[in-house]
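Below is one structure; the comments refer to it alone.
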Amino acid sequence: MARRPSREVAANEHAAPIQAVELRHPSQSQLPVVVLLLELQPLRPLVVDGGIIRGALGLALHDLAPLAYQALYEAPTPPYRMAWLAPRLKLVLIGHATQHATAVLQAATHMARQGLGHQRVPVHLRAAFQDLGPAGERPLIRDGAWLGLPIPVRLGSMLSPRDPTGPWALHLDTPLFLKQSDRVVRDAPPFSVVLARAIERCSKMFRFGGEFPMLPAEVREAAAHVRLRAHACRWTEFERYSARQKQAMLIGGIRGVLHYGPAPQAALAWVRACTVLGLGGKLSFGLGDIRVREDGPLTGDEVIQKPAVAASASQPTERVARPIDPKNLSRGAS
């Protein structure tokens, strides 16, 4: 049994070597990642979202591990993301942020003891795991006992060896915030928009490892003809407090399922990479957690329509309101 760590650790010697290369498939990537899964149980009623957890985790990191706080919260491009998938919190550390994985896990346990929200609702950390992709989950904490420490793994090892060859579905497990031509996408997006944002996200994250995604022009052209078969999604919004602007703000995105026709595997692979890296914007607030699955026959409950990328006033909106308190958020976070 591993002893509970007493201090923040430096770079992990097991991190995969990194080379500056151009990649034609994300499975070739040596980019180190750590995906933590924390099972949290609030001991009193509490509305949990990415904004609350981001702030509470930031406060814990700031006090316990200043180097980790700087690496994650003060970076121009955040090398992490999170998603609240009740009852689990997913924390994804990317590139150099994986060096602070143990410190982040320590901060998460401290966060649970201190409580969440302005009422400091105590939270029981039942267990923590490291997601290893096709290799399964490795237990790290169970009922307060440390069973192991997180170890960086290659992004390529986190991905399934094969992509769907027929119709497939994109599951938006948390709201997806996309932009096209500086306009927010509020309706079901065409695959070309999803692919463009996936390549953009991979490009930003791969820079941490000196890697560059390559997508041949003929693949892009073929991807432009992938059909949106149907969708069952809507625009949703929730509130967060901006410490920088000193006011409550709405964050929104598309939530639900998008059904697409067959796509070139060379293109779909980059979307699948975003099942680990996240897709779209505002990822550090819990948005952009996706899954790619093979699709079956439609149930009849889906909406079949030509997707639009411009904001639409007629698009139904689901708003989730909650009390806002500056204490929920990390120092200097926006």
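Regarding segment 47-64, can at least one residue be identified that is assigned to a strand (DSSP E or B), out of contact with any Asp or Glu (no Cβ under 7 Å at 6 or more places or on another chain), under 12 Å from L116 (Cβ atoms) and not small (G, A, S)? The answer is no; no qualifying residue exists. Restrict the check to segment 104-123 and report whether at least one residue is open to solvent by 40 Å² or more (accessible area, probe 1.4 Å), polar (S, T, N, Q) and in contact with a Gly (Cβ under 7 Å, 6 or more places away or on another chain). Scanning segment 104-123, I find no residue that is open to solvent by 40 Å² or more (accessible area, probe 1.4 Å), polar (S, T, N, Q) and in contact with a Gly (Cβ under 7 Å, 6 or more places away or on another chain), so the answer is no. Listed by first and then second residue, the pairs linking a residue in segment 207-234 that is under 12 Å from G261 (Cβ atoms) and among the hydrophobic types (A, V, I, L, M, F, W, C) to a residue that is open to solvent by 70 Å² or more (accessible area, probe 1.4 Å) and at pLDDT below 95, with Cβ atoms under 6 Å apart and 6 or more places separating them unless they lie on different chains, are A230/I304.
Summed over segment 119-160, residues that are closer than 20 Å to M82 by Cα and among the acidic types (D, E) total 2.
For segment 140-157, check the following and say yes or no: at least one residue is within 24 Å of K282 (Cβ to Cβ), open to solvent by 10 Å² or more (accessible area, probe 1.4 Å), in contact (Cβ under 8 Å) with a residue 60 or more places away in the chain and in contact with a strand residue (DSSP E or B) (Cβ under 6 Å, 6 or more places away or on another chain).
From segment 140-157, those within 24 Å of K282 (Cβ to Cβ) are 155; that's our starting set.
Subsequent filtering for residues that are open to solvent by 10 Å² or more (accessible area, probe 1.4 Å) retains none.
No: zero hits.
Output yes when any residue across segment 191-213 is part of a loop (DSSP other than H, G, I, E, B), more than 22 Å from R81 (Cα to Cα) and among the hydroxyl-bearing types (S, T, Y), and no when none is.
No, segment 191-213 contains no residue that is part of a loop (DSSP other than H, G, I, E, B), more than 22 Å from R81 (Cα to Cα) and among the hydroxyl-bearing types (S, T, Y).
Among residues of segment 83-112 that are within 15 Å of V35 (Cβ to Cβ) and in a strand (DSSP E or B), those with a Cβ under 8 angstrom from a residue that is open to solvent by less than 10 Å² (accessible area, probe 1.4 Å) and acidic (D, E), sequence gap 6+ or separate chain, pair up as A83/D289; L85/D289; K90/D289. Scanning segment 42-61 for residues that are under 23 Å from L287 (Cα atoms) and open to solvent by 70 Å² or more (accessible area, probe 1.4 Å) yields P45, V47.
Scanning segment 282-305 for residues that are open to solvent by 10 Å² or more (accessible area, probe 1.4 Å), at pLDDT 95 or above and assigned to a loop (DSSP other than H, G, I, E, B) yields nothing.
The values are calculated or read from the model by the stated rules, or taken from the named source; none is laboratory data. Given the structure is predicted, the values throughout are model-derived calculations rather than measurements. Please note: Cβ atoms are built from the backbone with ideal geometry, for glycine as well, and neighbour counts cover all protein chains shown. To get the accessible areas, we keep the full protein, side chains included, count just its heavy atoms, and leave off ligands, DNA and RNA. Shrake-Rupley method; radii C 1.70, N 1.55, O 1.52, S 1.80 Å.
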